[in-house]
Amino acid sequence: MVQFYNVSKVYANGVKALDDISLKIDQGEFLFLMGPSGAGKSTLIKMLTREELPTRGQIFVAARSVVRMKKNEVPKLRRNMGIVFQDFKLLENKTVAENIAFAMEVVGASSRDIRTRVDEVIGMVGLKGKETSLPSQLSGGEQQRVGIARALANRPLLLIADEPTGNLDVDTSHEIMELLYDINRRGTTVVMATHARDLVRAARRRVLTLERGQIASDTPAGEVEA
Ligand code: ADP
């Protein structure tokens, strides 16, 4: 699903954010991305979405070279991805259903497909009955569920979650994790950046830890980090 070959990223100011990263993420995997602030997690995610290009190396997502890809092919790449944010990034003046529908409208889905799919993903994230609520009328956990539903709307192959539980309390975080595992079980590859050590330990999924732009450890699923 994702391959990095000797990827380095040096920003214009000379900071080396990624230093010779090689890595493979299989379809259907769930991968936690950890590491201290400044280690390169966000930069690695920006390589996947092509918000930034690497200075060196090759990156493939769904068998396509992200580096060689032409600008006009980038929207197609991003349609294969759903992104979940720490601060939800919902449109405050739109309802739950409208927030999700919007993600489909921008990629040109038909209104019929939108209606069916919005219902479907609202059911998947457990928000039936909240369709016409505004984000401000929802709890943090509910808002994140909307964020996840929106990310799923276009049936992505890869779900990228950037500290999705960073603004949530412990119990709500667990609920959101269960939802992400459920989505993963249904076949979507998940990459989740997080600082939540306890949560990662309990999960027993693959953990990739970055330090100063390098891979400090890569612990397979089922094992607990040292
Ligand atoms: P993390 O997400 O793990 O906190 P980042 O990928 O955001 O790490 O940052 C890695 C390094 O790259 C840091 O030293 C950061 O200051 C630097 N950096 C990140 N984005 C930029 C940018 N747009 N321009 C210059 N330096 C950047």
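The values are calculated or read from the model by the stated rules, or taken from the named source; none is laboratory data. Because the structure is predicted, anything quoted here is derived from the model rather than measured. Quick reminder, even Gly has a Cβ in these numbers, built from the backbone with ideal geometry, and neighbours come from all protein chains shown. We work out accessible area using only protein heavy atoms, side chains counted, and drop any ligands, DNA or RNA first. Shrake-Rupley method; radii C 1.70, N 1.55, O 1.52, S 1.80 Å.
Odds and ends about this structure:
- Computed [θ] at 222 nm, deg cm²/dmol, the chain (DSSP H ≥ 4; -39,500 (n - 2.57); rounded to nearest 500): -10000 deg cm²/dmol
- Among VAL170, VAL61, VAL207: highest mean-square fluctuation, GNM of the chain, C-alpha pairs under 10 Å: VAL170
- Spatial separation of Cα centroids for the range 164-182 and the range 97-155, in angstrom: 18
- Where trypsin sites (Lys or Arg not before Pro) fall in DSSP loop in the range 106-208, at most 16 other Cβ within 10 Å: LYS128, ARG186, ARG204
- Accessible area of the chain divided out per residue, in Å², using a probe of 1.4 angstrom: 49
- Degrees, to the nearest 10: 170-185 long Cα axis against longest axis of the chain: 80
- Efficiency of FRET between HIS174 and ASN72 - r from beta-carbon atoms, R0 41 angstrom, step 0.05: 0.50
- Centre separation in Å (Cα based) which lies between the range 208-222 and the range 1-32: 11
- Take each peptide in 134-140, 14-20, 71-77, count the other Cβ atoms within 10 Å of every residue, and average; sorted highest first, the result is 14-20, 134-140, 71-77.
- Electrostatic dipole magnitude of the range 2-219 [Cβ: Lys, Arg +1; Asp, Glu -1; Cα centre; debye, to 20]: 880
- Mean separation of Cα contacts under 8 Å, 6 or more apart, over the residue count of the range 78-220: relative contact order %: 29
- In the range 2-219, the DSSP beta bridges split such that about 50 percent are antiparallel, to the nearest 5.
- Were the residues from ALA63 through ASP218 laid out at 0.36 nm apart, the gain over their Cα-Cα distance would be 53.6 nm.
- Sulfur and carbon atoms: percent of accessible area, the range 2-219 [1.4 Å]: 46
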